[in-house]
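Remarks on the structure that follows.
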2 protein chains.
Amino acid sequence: MAQVNEDYLKLPGSYLFSEIARRVNQFKEENPMADIIRLGIGDVTRPLPTAVVEAMKKAVDEMGQAETFRGYGPEQGYEFLSQTIIDNDFTPRGVKLSPDEVFISDGAKSDTANFQELFGVNNTIAVTDPVYPVYVDTNVMAGRTGFPNELGQFEKLVYLPCTEENGMKPILPQTHVDMIYLCFPNNPSGVTLSKEELKQWVDYARENQSIILFDAAYESFIREENVPHSIFEIEGAREVAVEFRSFSKTAGFTGTRCGYTVVPKEVKVYDAKGEDHSLNSLWLRRQTTKFNGVSYPVQVAAAAVYTEEGQKQVKETIDYYMENARIIREGLEQAGYKVFGGINAPYIWMKTPDNMGSWEFFDKLMKEVNIVGTPGAGFGANGEGYFRLTAFGTRENTVRAIERIKTKM
Amino acid sequence: MAQVNEDYLKLPGSYLFSEIARRVNQFKEENPMADIIRLGIGDVTRPLPTAVVEAMKKAVDEMGQAETFRGYGPEQGYEFLSQTIIDNDFTPRGVKLSPDEVFISDGAKSDTANFQELFGVNNTIAVTDPVYPVYVDTNVMAGRTGFPNELGQFEKLVYLPCTEENGMKPILPQTHVDMIYLCFPNNPSGVTLSKEELKQWVDYARENQSIILFDAAYESFIREENVPHSIFEIEGAREVAVEFRSFSKTAGFTGTRCGYTVVPKEVKVYDAKGEDHSLNSLWLRRQTTKFNGVSYPVQVAAAAVYTEEGQKQVKETIDYYMENARIIREGLEQAGYKVFGGINAPYIWMKTPDNMGSWEFFDKLMKEVNIVGTPGAGFGANGEGYFRLTAFGTRENTVRAIERIKTKM
């Protein structure tokens, strides 16, 4: 009799964005004329840059000619892309990497989800609360947790609360942990750490032989000085950190699919005898066994993001979204709300009025002013009482949404 | 201290195709003028069909315009593709499927590698021997095996020998197994099962509440009648089977990346209490949590395979490869070798002369006539004494390779 992976059964049935979709669809059925504005899911709306489109089409043409056709590429990606990434995203910040430390993938979701496979089932894991649900769910599926409690927090996981008191910045774990998921600029709160603050985490990891799984999917939205774009700007991070990056929000690749993961050769994990093993080699083994590389035209498209024209167009798009972020942030502040984020990130994390539950506020916002956001509780117990809005809408919708909140609520 | 997944350490360090590449590179360094013909790795050489190229470019253009831009799509793929697949690959063969039973992915390698996650760690697994290494390696990584013996066979796995005596067709397991990996047309042997033969496996699975993981990546190469293209042509298979398909070999997508997996809603696995759970729901949970869907232009490209022009072009390409297969098969037979496959599959599985070891034959073939194939031992203990050639080369190289074998060995 084929047995199920019982760890899958620990997960609640409904995923955050499915539940939102269900509520929105029900509301639309009951109110077919409602002019709904969606500032919920973190999906972009601006098209691919022209430079990216042209490069990708040229690569598709290559695939149609026997002389230039490409079959299987390297599972870890083509060096024309990994070297371009290094030259543009890392070298200018003083971070030295070699192409075999950069693994091209179909996106940061896959990589942040799959990377945990390299670790033993008994590692202790710390996550922030609130948190991007993928880190938690994938570790539940892999059997590194017990069951959830009434707050939805899983036994054995170490939750690091991000609250109004600590300015949404987690404090170091009080007990030993082996793996730490950090995401800065943060999803959902939009806050960032300074270099000094991030260094405390690197120092903790070095002292504890822990690994930091650093999600930098939103680094291109950083505007302020002294905010690290990569954890490898921090001394010693090459020994203890892995970094996930994505073209999704940077260059509009949510539907095109490309990201990458940096695994320095110095990062080690340990077996029961205390012998060390290279995470870089383990990830290479995982990717060559379970993955067949990213579509060649998509890799060409990603490389085109770094051309002069590509960079100019990407900057315009990010400026556009960050102007949305400013409009949301300042509008909400003027309306009297307490807000986080929106300065170095496309997310604005607002406190609900009068300690209202976040799903209650979701329903209120949808029904009274027809705006869809994301309830903070969907990101963890400490997200309760908060609400996430994103800057990825159109300018017109963003302006209209804030106007509605300011005048009708 | 972060601990490694010790199951990864059970795997031998070097993967089959890396070892081949190493030997070929060394030979080339020592013999820079050698005119090497590669009939080893199963990669295609014919370009994408024009219909696919044109459709994909149009989709890339859509991504460059705000009005037609697409961000995140459904993780399980767009219905325009899954419905097209059903209408073309299944309905004409009398197999009824609904779009939510078809999951679009970046290829059959990812899916055959990841699908085992849904199962408990104590399931007993049967694989043929020889076998596509991904089935074995991913179950080793997941902890469902012990250590390998001196033949490279992992403890706890049930190996089903495919030998000259049984015509490379495995016989049913003599002990109970929970999961069975089958691949027909087979990689590496190229043999197929008749409907009656495949029905025995479906019946076994129904009696034992086992699951058949059926890899049909090569179904488009089937030429003979009474060879099932899908396991779902067999009565009762909807209750016990999952099927993996790929556009890689069918339409030249090895570098473009698209495949799909069919998970009927009737297929169940069981928890410790004996309660059943839908594999379809579990796979949906896995994919929505760990995957973000296939690139939109790639899905449009895959749909174009099914247009009238696409089908015509794909048929021409497959005819081309199958003519190569005929040339290889008949040439080897004329040269006195015992061969399997090459009739309904792009693989020709030959017995080495005089019981020569398969790596020894690899070296001999490379050094004496400069042809690179794949040693059978790379596919399992029972592959020892065999050698795989593929029909994916150019016509010219295929003809030259067989001529060399016939005249110079």
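Here are the numbers:
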| item | result |
| --- | --- |
| Members of the stretch B:143-169 that are among the small types (G, A, S) and out of contact with any Pro (no Cβ under 8 Å at 6 or more places or on another chain) | B:G143, B:G146, B:G167 |
| Complete set of residues in the stretch B:371-404 that are within 17 Å of B:Y135 (Cβ to Cβ) and in a loop (DSSP other than H, G, I, E, B) | B:G380 |
| Qualifying positions in the stretch A:330-353 - in a loop (DSSP other than H, G, I, E, B), within 23 Å of the chain's Cα centre (by Cα) and either of a type in the set (S, T, Y) or surrounded by fewer than 24 Cβ atoms within 10 Å (Cβ to Cβ) (or both) | A:I343, A:N344 |
| Options A:E75, A:E19; residue that is surrounded by 19 or more Cβ atoms within 10 Å (Cβ to Cβ) and not small (G, A, S) | A:E75 |
| Complete set of residues in the stretch A:58-78 that are in contact (Cβ under 8 Å) with a residue 60 or more places away in the chain and facing chain B (nearest Cβ under 7 Å) | A:V60, A:M63, A:R70, A:Y72, A:G73 |
| Test result for B:A126, surrounded by 21 or more Cβ atoms within 10 Å (Cβ to Cβ) and at the interface with another protein chain (Cβ under 9 Å from one of its Cβ atoms) | no |
| A:G336 vs. criteria on the phi > 0 side of the Ramachandran plot and either aliphatic (A, V, I, L, M) or more than 12 Å from every other protein chain (Cβ to nearest Cβ) (or both) | yes |
| Any hit, the stretch A:58-76, residues being assigned to a loop (DSSP other than H, G, I, E, B) and either within 24 Å of the chain's Cα centre (by Cα) or not assigned by TED's automatic domain parsing to the domain that holds A:N187 (or both) | yes |
| Residues (of a type in the set (K, R) and more than 14 Å from every other protein chain (Cβ to nearest Cβ)) located in the stretch A:26-50 | A:K28 |
| Matching entry among A:G167, A:G152 (being in a loop (DSSP other than H, G, I, E, B) and at pLDDT below 95) | A:G152 |
| B:I86 touching a Phe, Trp or Tyr at 6+ places or on another chain (Cβ under 9 Å) and not hydroxyl-bearing (S, T, Y) | no |
| Residues being free of Cβ contacts under 8 Å to residues at least 60 places away in the same chain, crowded, with 20+ Cβ neighbours inside 10 Å, away from chain B (no Cβ under 14 Å) and not aliphatic (A, V, I, L, M) - total across the stretch A:129-165 | 0 |
| Evaluation of A:V314 against (1) more than 11 Å from chain B (Cβ to nearest Cβ); (2) over 15 Å from A:V53 (Cβ atoms); (3) among the aliphatic types (A, V, I, L, M) (one fails), failing number | (2) |
| Pairs where the first residue, in the stretch B:360-379, is under 19 Å from B:G152 (Cα atoms) and touching a residue at least 12 places away in the same chain (Cβ under 8 Å) and the second is of a type in the set (S, T, N, Q) and assigned to a helix (DSSP H, G or I), C-beta under 6 Å, 6+ apart | B:P375/B:S358; B:G376/B:S358; B:A377/B:S358 |
| Tally of residues being more than 23 Å from B:L11 (Cα to Cα) and in a strand (DSSP E or B) across the stretch A:106-144 | 5 |
| Unmet criterion (only one of (1) within 30 Å of A:T374 (Cα to Cα); (2) over 20 Å from the mean Cα position of the chain (by Cα)) for A:D106 | (2) |
| Lone qualifier among B:A51, B:A113, B:A55 - being modelled with pLDDT of 95 or more and touching a Gly at 6+ places or on another chain (Cβ under 6 Å) | B:A51 |
| Candidates B:R400, B:R404, B:R395 - the one that is surrounded by fewer than 20 Cβ atoms within 10 Å (Cβ to Cβ), out of contact with any strand residue (DSSP E or B) (no Cβ under 8 Å at 6 or more places or on another chain) and either acidic (D, E) or not assigned by TED's automatic domain parsing to the domain that holds B:N186 (or both) | B:R395 |
| Wholly enclosed strands (runs of 3 or more DSSP E) of the stretch B:205-320 bearing at least 2 residues within 21 Å of B:N123 (Cα to Cα) and either without any contact (Cβ under 8 Å) to a residue 12 or more places away in the chain or hydrophobic (A, V, I, L, M, F, W, C) (or both) | B:211-215, B:241-246, B:276-278 |
| Single residue of the stretch B:170-217 satisfying the filter (within 22 Å of B:G383 (Cα to Cα) and either of a type in the set (S, T, N, Q) or modelled with pLDDT under 95 (or both)) that is surrounded by the most Cβ atoms within 10 Å (Cβ to Cβ) | B:S189 |
| Flag for B:E308 being closer than 15 Å to B:T50 by Cβ, more than 8 Å from chain A (Cβ to nearest Cβ) and charged (D, E, K, R) | yes |
| Extreme residue, nearest to B:S210 (Cα to Cα), among residues of the stretch A:1-16 that are of a type in the set (S, T, N, Q) and buried (at least 17 other Cβ atoms within 10 Å of the Cβ) | A:Q3 |
| All positions within the stretch B:8-25 that are farther than 24 Å from B:T390 by Cβ and at the interface with chain A (Cβ under 9 Å from one of its Cβ atoms) | B:Y8, B:L9, B:L11, B:G13 |
| Candidates B:E243, B:E225 - the one that is away from every other protein chain (no Cβ under 14 Å) and more than 30 Å from A:G259 (Cβ to Cβ) | B:E225 |
| Residue identified as part of a helix (DSSP H, G or I) and in contact (Cβ under 8 Å) with a residue 40 or more places away in the chain among A:L97, A:L81 | A:L81 |
| Identity of the residue in the stretch B:256-305, more than 10 Å from chain A (Cβ to nearest Cβ) and β-branched (V, I, T), that ends up farthest from B:G77 (Cα to Cα) | B:V305 |
| Yes/no for B:A325 being closer than 21 Å to B:A108 by Cα, of a type in the set (A, V, I, L, M) and either in contact (Cβ under 8 Å) with a residue 12 or more places away in the chain or not in a helix (DSSP H, G or I) (or both) | no |
| Tally, over the stretch A:25-47, of residues that are closer than 22 Å to A:Y347 by Cβ, aliphatic (A, V, I, L, M) and modelled with pLDDT of 95 or more | 2 |
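The values are calculated or read from the model by the stated rules, or taken from the named source; none is laboratory data. The shown structure was predicted, so the numbers you read here are calculated from the model rather than taken from an experiment. Virtual Cβ from ideal backbone geometry, glycine too; neighbours counted across all protein chains shown.
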